[in-house]
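Engineer: Quick one: structure below, then a few questions.
The values are calculated or read from the model by the stated rules, or taken from the named source; none is laboratory data. All figures in this text were calculated on a predicted structure; none of them were measured in a lab. Cβ placement follows ideal geometry from the backbone for every residue including glycine, while neighbour counts extend to all protein chains displayed.
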Amino acid sequence: MGILLNSAGLLVPILLAYYWINGRSTGKRIPGPRAHPFVGHTFQVPTIHTWKYYENLWHQYGPIVKLTFAGDDILILSDPVDAQELLARRSRIYSSRRPLVYAGKYQSNNMRFTLLPYGEMFKRHIAAFHSMLEPRAVGGYEGLQLEKSHRLLVDLVKAPTEFFRHVPRFPASLIFLLTFGQELAEDSKDLVEVQKVLADFVYDINPGAHVVDTFPFLDYLPDILSPWRKEALRKRKRELTLYGRLCNEVKDRMAQDPELECFTARLFDQQKTQSMPDEEIFYIAGTAFASGTGTSAATLLWFVMAMAMFPAAQKKAQEELDSVFGPDTVPDFSRRMDLPYCFALIKEVIRWAPTVSLSFPHYLDEDDEYKGYTIRKGTTVISSLWNMHHNEEEFPDSYGFNPDRFMYKEPGTDFFNTETLGLGNYGFGFGRRECPGQHLAAKSMWIAIVRMLWGFHIEPLKDGNGMPMKIDPDNCTEGLTSRPNPFPANFIPRSAAHVETILSGEGRS
Ligand code: HEM
């Protein structure tokens, strides 16, 4: 007890000095709510529906807001012009990630790509990701995308109300095959496991999720006073068991077949020339699997919800599709330039419900000046994609769902293409840390959505009185990424001919 009191007595002056040094600020005051003198806004920011809290701050204080978490500055950007200037044009100093004790040091052994500071290891990982995800490489995955999205249609014919299981399986099975060179097993435990890993991770990196990341000195406390440390290490072990097993299986298959083609096999090839411990490879491959699964699945589920809630947009897209593909032809990539409304609809899904609503926080490496404000080195910069997508000047009636808002461009232009799905919205982030998976995501979203619209009416489930059940878009998961919680919708095949075409395997690849 005495030791504890002595430690507390020492901590108070250290804390005061720390906040005094960190709290100094020059330049014009950045707008924001009043802060508590010691803990700042730490306990004001909710961990639930955080983007809504930031939306209120934006309306109250404007597009650049500063919060302080116990001496650390957090900048919330709500105007894409500011995000473009700081995160993209000044990306040299705005592309790092804040060192996190819980999710970075203990949960990831400082090897997880999404949390890496801008430096040598980051460059090694991004080069690996680009080799797998750059547009030319992605062009080679079309056959697999056709095959896996056809499987989605078959699953939806067979068990339509189970869309909540089928839809996430589509991007997961694709990225699993690309990463580990093997098929995702039926009712795969690996998928369930990676979904748990992801759910933990998107919660754990949320600013404010763990007190030790707000007060890093707590890491000096012994294990007995830090139960969170054991928990973070347990999560790391669980994750590495999964990724390690999957990667080692690739290594074993490479021994049998040196020509084996998949992302992990290429990483093991690189290991021969670059010093990269196995654990680093496990994290790179695991990150590809996890990030390729979670965000794409969430976007597709938001699409299903939007269709069940906004039937007029669904009908219009189906009319456009029917003018290009009859019931005897499953759509493929060939006539995509003839389907501008479908592109507009997918852009609107990304705008209406940005899956990574607060993007991934960037971290500033040097002091900077902007619009008369001093932004201090060590500031965490959050671009609120949610706020950018709900700016009534750029997107009138922003809570509504209106693909026509993107139809102002001439159909047939590059604006309506899989390569440019991110144009007109901000859903893939900004600057050097913008999503490296966006080209793969765009083509996967495109083919899955167009095929679902071609084959099915998506409707709310009916209650006992035949009335459509209510769907609430606010009922979604929490954390850095969000997806709808299960909601009452159903897939009704558009005709017997569509079912026949799907089941006969026409257009499978
Ligand atoms: C519709 C689907 C997707 C959406 C909406 C999305 C969105 C985002 C966003 C907003 C970011 C943060 C950008 C920033 O820090 O400024 C991000 C980062 C990232 N995304 Fe995606 N993403 C999607 C699909 C994918 C796919 C398919 C992959 C991989 C196969 C992927 C891999 C990553 C990785 C590795 C990062 C971290 C980049 C870094 O830290 O530098 N994403 N994504």
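Engineer: Could you tell me whether any residue of the range 55-71 is farther than 24 Å from residue 371 by Cα, modelled with pLDDT of 90 or more and touching a Pro at 6+ places or on another chain (Cβ under 9 Å)?
Structural biologist: Scanning the range 55-71 turns up no residue that is farther than 24 Å from residue 371 by Cα, modelled with pLDDT of 90 or more and touching a Pro at 6+ places or on another chain (Cβ under 9 Å).
Engineer: Restricting the search to the range 402-424, which residues are outside any loop (DSSP other than H, G, I, E, B) and buried (at least 19 other Cβ atoms within 10 Å of the Cβ)?
Structural biologist: Of everything in the range 402-424, those that are outside any loop (DSSP other than H, G, I, E, B) and buried (at least 19 other Cβ atoms within 10 Å of the Cβ) turn out to be 403, 406, 418.
Engineer: Do we have any residue at all in the range 275-284 that's buried (at least 22 other Cβ atoms within 10 Å of the Cβ), of a type in the set (A, V, I, L, M) and within 16 Å of the ligand (Cβ to nearest atom)?
Structural biologist: The answer is yes; a qualifying residue exists.
Engineer: Continuing with this model, one more query. Considering the range 359-377 alone, what residues qualify as being more than 28 Å from the chain's Cα centre (by Cα) and without any contact (Cβ under 8 Å) to a residue 24 or more places away in the chain?
Structural biologist: Answer for the range 359-377, where residues must be more than 28 Å from the chain's Cα centre (by Cα) and without any contact (Cβ under 8 Å) to a residue 24 or more places away in the chain: just 367.
Engineer: Next question. Please find, among 81, 101, 154, the residue that is closer than 30 Å to residue 232 by Cα and modelled with pLDDT of 95 or more.
Structural biologist: Answer to the selection: 101.
Engineer: May I pose another question? Could you tell me whether any residue of the range 380-391 is buried (at least 22 other Cβ atoms within 10 Å of the Cβ), touching a Pro at 6+ places or on another chain (Cβ under 7 Å) and of a type in the set (Val, Ile, Thr)?
Structural biologist: yes
Engineer: How many residues, within the range 459-486, are over 20 Å from residue 200 (Cβ atoms) and either touching a residue at least 40 places away in the same chain (Cβ under 8 Å) or part of a loop (DSSP other than H, G, I, E, B) (or both)?
Structural biologist: Residues in the range 459-486 being over 20 Å from residue 200 (Cβ atoms) and either touching a residue at least 40 places away in the same chain (Cβ under 8 Å) or part of a loop (DSSP other than H, G, I, E, B) (or both): 15 in total.
Engineer: If we keep just the residues of the range 285-316 that are among the polar types (S, T, N, Q) and closer than 19 Å to residue 476 by Cα, which is farthest from the ligand (Cβ to nearest atom)?
Structural biologist: The extreme case among them is 293.
Engineer: With the requirement that a residue be over 19 Å from residue 277 (Cβ atoms) and small (Gly, Ala, Ser), what does the range 210-255 give you?
Structural biologist: 226, 232, 255, listed by residue number.
Engineer: Select from the range 97-135 the residues that are β-branched (Val, Ile, Thr) and under 16 Å from residue 284 (Cβ atoms) and write down the one among them that is farthest from the ligand (Cβ to nearest atom).
Structural biologist: Ranking the qualifying residues of the range 97-135, first place goes to 126.
Engineer: OK, next. What is the one condition in (1) touching a strand residue (DSSP E or B) at 6+ places or on another chain (Cβ under 9 Å); (2) not aliphatic (A, V, I, L, M); (3) not in a strand (DSSP E or B) that residue 51 does not satisfy?
Structural biologist: The number of the failed condition is (1).
Engineer: Among the residues of the range 199-211, which ones are of a type in the set (A, V, I, L, M), more than 16 Å from the ligand (Cβ to nearest atom) and in contact (Cβ under 8 Å) with a residue 24 or more places away in the chain?
Structural biologist: The answer is 199, 209.
Engineer: Still on this structure, I have one more. Does residue 78 satisfy being within 19 Å of residue 356 (Cβ to Cβ), touching an Asp or Glu at 6+ places or on another chain (Cβ under 9 Å) and of a type in the set (Ser, Thr, Tyr)?
Structural biologist: In short, yes.
Engineer: Is it the case that some residue within the range 289-297 is hydroxyl-bearing (Ser, Thr, Tyr), part of a loop (DSSP other than H, G, I, E, B) and at pLDDT 95 or above?
Structural biologist: no
Engineer: How about the range 171-198: which of its residues are of a type in the set (Ser, Thr, Tyr) and away from the ligand (no atom under 16 Å from the Cβ)?
Structural biologist: The one that is of a type in the set (Ser, Thr, Tyr) and away from the ligand (no atom under 16 Å from the Cβ): 188.
Engineer: Just checking, how many residues over the range 487-509 are in a loop (DSSP other than H, G, I, E, B) and within 30 Å of residue 143 (Cβ to Cβ)?
Structural biologist: Qualifying residue count for the region: 7.
Engineer: Follow-up. Specify the residue that is farthest from residue 308 (Cα to Cα); the eligible residues are those in the range 440-458 that are within 14 Å of the ligand (Cβ to nearest atom) and either assigned to a loop (DSSP other than H, G, I, E, B) or over 14 Å from the mean Cα position of the chain (by Cα) (or both).
Structural biologist: Here the residue is 443.
Engineer: Next up: Restricting to the range 348-364, name every residue that is outside any loop (DSSP other than H, G, I, E, B) and buried (at least 24 other Cβ atoms within 10 Å of the Cβ).
Structural biologist: 348, 349, 350, 351, 352, 362
Engineer: Out of the residues in the range 332-378 that are of a type in the set (D, E, K, R) and under 15 Å from residue 449 (Cα atoms), which is nearest to the ligand (Cβ to nearest atom)?
Structural biologist: 347
Engineer: Sticking with this one: In the list 249, 231, 261, which residue meets the criterion of being more than 23 Å from the chain's Cα centre (by Cα) and either in a loop (DSSP other than H, G, I, E, B) or under 30 Å from residue 348 (Cβ atoms) (or both)?
Structural biologist: 261
Engineer: Additional query: Residue 301: at pLDDT 95 or above, in a helix (DSSP H, G or I) and either surrounded by 15 or more Cβ atoms within 10 Å (Cβ to Cβ) or of a type in the set (Lys, Arg) (or both), yes or no?
Structural biologist: yes
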